[in-house]
């Protein structure tokens, strides 16, 4: 971290390429309060706004990693716009009982679209199913986490999770994959636009 | 030995895993497995231990156990998971894990921010300013009833009527004085 904390957006962007986490934390801390106020002013109740803000941060980070990323407004405005889009998408999917001001739909002249490929796409359904598996009592999520993410071998997984053999873990993993695919296909059929 | 290898192979539910394991089996076991599959696929002749090539090679209980495991795994083999799907799912798991780690980080920052806000000392001037403001506000509230005269209240209209009477009487007196003066 430099001696002086970056103040302008350009300084933060420059820092991002040197110290990703440092820049990210500054963005989080500087933009948090304003974004939360912005969201609360339009949706007083409903939605996990902290979660929405974090999602927006992840979208912003994802974009900042791209070399073609050009900031055409302040980081705060950009984040607020992403928050707005996420809220609107969530509101369309699960409408909450509130009057939505038209200005919320129309304000912020800056064009920041989270297009279908980025947010409501096929991958988001995969992520939803992973989240679902995490909450289930079976050990599918643990097996997937250990095997795919931590790249641990089947025998070690068997030892760790108390299976009698690696073959049993393989079978369990296969069954879990079959279930996951069924659930993913069911959701894709419900929402053909998200294919 | 043959029974164990055949049994181990038949318990594998994932068809792609089976293909991998098949390559590692000895040709002899592969032959026996092929015979076993042909035997089960022959609908006209149900498998009988005594008539089969497995007679005396394995026990009858082992033979039945192979048939049982074959049918139990066949059910799940109806759903074939292709490599493309598995790769996509693997990427989703990795993305989910990374996202969870990032969110955990942000939650930690949030907690630290909340702690900092709590521990920030309150400036000495602030309550004074607040009190002064409040005093001013209270004064305004206190003064308002005194200064504020409702336009259409009963008391104001009574005063107005009294004032009119006095003015009329005074006017009459002035007129009388002028009249008597002119005489």
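What follows is calculated from the coordinates using simple rules that are stated; it is not laboratory data. Keep in mind that what you see is a predicted model, and the values were worked out from it rather than measured. Glycine gets a Cβ as well: all are built from the backbone with ideal geometry, and neighbour counts include every protein chain shown.
Would you mind computing, in nm to one decimal, how far apart the modelled labels at residue B:88 and residue B:175 are, each placed 7 Å from Cα along Cα→Cβ?
10.4
How high is the relative contact order of region B:1-64, in percent, with contacts defined as C-alpha pairs under 8 Å that are six or more residues apart? Could the numbers behind the result be given before it?
On the way: 22 pairs, mean separation 17.0, N = 64.
This gives 27 percent for region B:1-64.
In nanometres, what is the gap between the two model label sites at residue B:45 and residue A:73, each 7 Å from Cα along Cα-to-Cβ?
Result for the modelled spin labels: 7.8 nm.
Cut-off is 10 Å between beta-carbons; in what order do A:5, A:79, B:165 appear when sorted fewest neighbours first? If you can, show how the numbers build up before the last one.
Details: A:5 13, A:79 24, B:165 9.
Going from least to most buried by this count: B:165, A:5, A:79.
Whole number please: convex hull volume per residue, Cα atoms of region A:46-90, in Å³.
On the way: hull volume 3.0 nm³, N = 45.
Given the Cα convex hull of region A:46-90, per-residue volume reads 67 Å³.
In peptide A:170-177, what is the residue-averaged number of other protein chain Cβ atoms found within 10 Å of each Cβ?
That average works out to 5.
Equivalent-ellipsoid semi-axes (√(5λ), Cα gyration tensor) for region A:128-194, whole Å, largest first?
On the way: eigenvalues 135, 24, 19 Å².
Result for region A:128-194: semi-axes of 26, 11, 10 Å.
Just the Kirkwood number for region B:1-121, please: inverse of mean 1/r across all distinct Cα pairs, in Å, one decimal. Could you put the intermediate results ahead of the total?
Values: mean 1/r = 0.0537 Å⁻¹.
Value: 18.6 Å, from the Cα pair sum.
Let's test the formula: R0 of 45 Å, r as the Cβ-Cβ distance of residue A:183 and residue A:33. What FRET efficiency results, to the nearest 0.05? Before the final figure, lay out the partial values.
Details: r = 38 Å, r/R0 = 0.85.
Taking R0 as 45 Å, the efficiency between residue A:183 and residue A:33 is 0.75.
Rounded to the nearest 0.05, what FRET efficiency do residue A:62 and residue B:97 give with R0 = 22 Å and r taken as the Cβ-Cβ distance? Could you check? All intermediate terms of the calculation are to be shown ahead of the outcome.
Values: r = 16 Å, r/R0 = 0.71.
It comes out at approximately 0.90.
If region B:32-75 were replaced by its equivalent ellipsoid, with semi-axes equal to the square roots of 5 times the Cα gyration tensor eigenvalues, what would those be, largest first, whole Å? Could you put the intermediate results ahead of the total?
Working: eigenvalues 49, 35, 16 Å².
That gives 16, 13, 9 Å for the three semi-axes.
For region A:1-85, what are the per-bin percents of Cα-Cα distances with bins 5 Å wide, up to the bin holding the maximum?
Distribution as computed: 3, 14, 28, 24, 16, 9, 5, 1, 0 percent.
Return the Rg/Rh ratio of region B:3-67 with Cα-based radii and a Kirkwood Rh. Intermediate values should be presented prior to the final figure.
On the way: Rg = 12.0 Å, Rh = 12.4 Å.
Radius of gyration over Kirkwood radius for region B:3-67 works out to 0.96.
Applying 1/(1 + (r/R0)^6) with R0 = 45 Å to the Cβ-Cβ distance of residue B:108 and residue A:155, what FRET efficiency is obtained, to the nearest 0.05? Intermediate results must be reported in sequence, preceding the final value.
On the way: r = 35 Å, r/R0 = 0.77.
Result of the calculation: an efficiency of 0.85.
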